[in-house]
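*Asks:* Here you go, one structure.
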Amino acid sequence: MTNWTSKETVDKYTQWNESPAGIFALRAKMKLIADLISGWPRRGRRFLEVGCAAGRMTEMFYHAGFDVTGLDCSPSMLEAARELLGQRAEFFLGKAEHLPFEDRQFDYVGVGSVLEFVDDPEAVLEEALRVASRGVIVTVYSKWSLYYLSRNCSGADFADDRTWLSPFAVDRMLRNQVETGLFTRRSILLGPVCTWRDAPVCNWLNSSILPYGFGALSGVCIDKNDTKMTIPLMVKKCSAKPSILNACRTNLAARNSASTFDK
C-alpha cells in the first residue's frame, strides 16, 4: 500500500494538490461535502477528520462551524496541517484502522479518500462509526469513473498502488455495519482529469452534484440516529451557496491567486 511516511509520496501528493487539476478537484470535493452535510448542526459539535493530510479539508470543516480534530499517519502531513490551522484544531498521529479515541467521543467523523490506501477499509469504517455518536461522511474516488479509465494516460494519479473501489462496494461495507440510520448519497466530477480545469464547459461538466456513482468522487453521509435536519424550503428555492463554500473561497484564492472558486 501507499507509504504515507515516505517523503517521496508526500512530495507527489503536494505537487498534485497544487496543480490546476488538484485545486479543481479540491473545490469539487468541498462542494460535494457541503451538500452532504448541509443538514448537520455545527456549533459546539466535535468533528474528527480521519486522514486529514495537510489540513485543507480540516480548515473547511473549521469554517463550517465544527470543533475540529485531525488524524493522519504521516508526521510530515501533520506538520503541514498544524502550520495551516495553528491553534484552531487538534491533531493526532495514528492509523485509521485503530483510532486512539473513546467510543462516541465525537459527534461526527469524516473519512475522506482514505479507504483506497489502507489494507482493511472495513476496519476503517468500523472505527469511524465507533467513535461517532451522530454521523459519518465517507468519500472515495470511484473505480467506475472516467478518472479511473484515464488515469494511465493523464499521469495525474500520485499513488500508483491505490486500491480502486466502486461506490457500491463502499455502500455495501457501510450497510453491513450500520443497522439503522439515514443514508444520503451523491457524487461529483463527471469528466476525466483533462477536464478538471476552469473553463465554461469543464465547470458545467464537473461542478454539478450528481447521483451516486456517476462522478469520479462519490460520497455517503450516514446519520446514525435519523436526526438529519431539513433545509428550509426558502433556502432551497433561493439556491443559496453553503456558508462552507463562501468561507473557503477566500482561503483557496489567497493560497493560489491563479485559481478561482466555482461560481
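The values are calculated or read from the model by the stated rules, or taken from the named source; none is laboratory data. All values reported here derive from a predicted model rather than from experimental measurement. Ideal geometry is used to build each Cβ from the backbone, glycine not excepted, and the neighbour counts take in all protein chains shown. The protein model used for the area step is the full one, side chains on, heavy atoms only, and it has no ligands, DNA or RNA in it. Shrake-Rupley method; radii C 1.70, N 1.55, O 1.52, S 1.80 Å.
*Asks:* Identify all residues within the stretch 84-119 that are among the charged types (D, E, K, R) and either at pLDDT below 95 or within 14 Å of Thr5 (Cβ to Cβ) (or both); write none if there are none.
*Replies:* Those that are among the charged types (D, E, K, R) and either at pLDDT below 95 or within 14 Å of Thr5 (Cβ to Cβ) (or both): Lys95, Glu116, Asp119.
*Asks:* Considering only residues of the stretch 92-124 that are within 11 Å of Leu48 (Cβ to Cβ) and outside any loop (DSSP other than H, G, I, E, B), which is most open to solvent (accessible area, probe 1.4 Å)?
*Replies:* Checked the stretch 92-124; the qualifying residue most open to solvent (accessible area, probe 1.4 Å) is Phe92.
*Asks:* Can you tell me which residue within the stretch 143-156, out of those that are assigned to a loop (DSSP other than H, G, I, E, B) and modelled with pLDDT under 60, is surrounded by the most Cβ atoms within 10 Å (Cβ to Cβ)?
*Replies:* Looking only at the stretch 143-156, we keep the residues that are assigned to a loop (DSSP other than H, G, I, E, B), and these are 143-145, 150, 155-156.
Those left that are additionally modelled with pLDDT under 60: 155-156.
Details: Gly155: 9, Ala156: 18.
Among them, the one singled out is Ala156.
*Asks:* Related question: Suppose we filter the stretch 1-46 for residues that are more than 25 Å from Gly191 (Cβ to Cβ), open to solvent by less than 30 Å² (accessible area, probe 1.4 Å) and touching a Cys at 6+ places or on another chain (Cβ under 9 Å); how many remain?
*Replies:* 2
*Asks:* What are the residues in the stretch 63-91 that are buried (at least 22 other Cβ atoms within 10 Å of the Cβ) and outside any strand (DSSP E or B), if any?
*Replies:* Listed by number, the residues that qualify are Ala64, Phe66, Ser74, Met77, Ala81.
*Asks:* On to the next question. I need a count of the residues in the stretch 186-217 that are surrounded by fewer than 22 Cβ atoms within 10 Å (Cβ to Cβ) and in a loop (DSSP other than H, G, I, E, B).
*Replies:* 13
*Asks:* Still on this structure, please answer the following. Look at the stretch 169-220 and say how many of its residues are among the acidic types (Asp, Glu) and over 12 Å from Ala28 (Cβ atoms). Before you say what the answer is, go through the steps one by one.
*Replies:* Initial filter on the stretch 169-220 (among the acidic types (Asp, Glu)): 171, 179, 198.
If we keep only those that are over 12 Å from Ala28 (Cβ atoms) as well, we get 171, 179.
Count: 2.
*Asks:* Right, next: Return the residues of the stretch 28-62 that are basic (Lys, Arg) and outside any loop (DSSP other than H, G, I, E, B); say none if nothing qualifies. Before you say what the answer is, go through the steps one by one.
*Replies:* Within the stretch 28-62, the first condition is being basic (Lys, Arg), and the residues that meet it are 29, 31, 42-43, 45-46, 56.
Hits for the stretch 28-62 are Lys29, Lys31, Arg46, Arg56.
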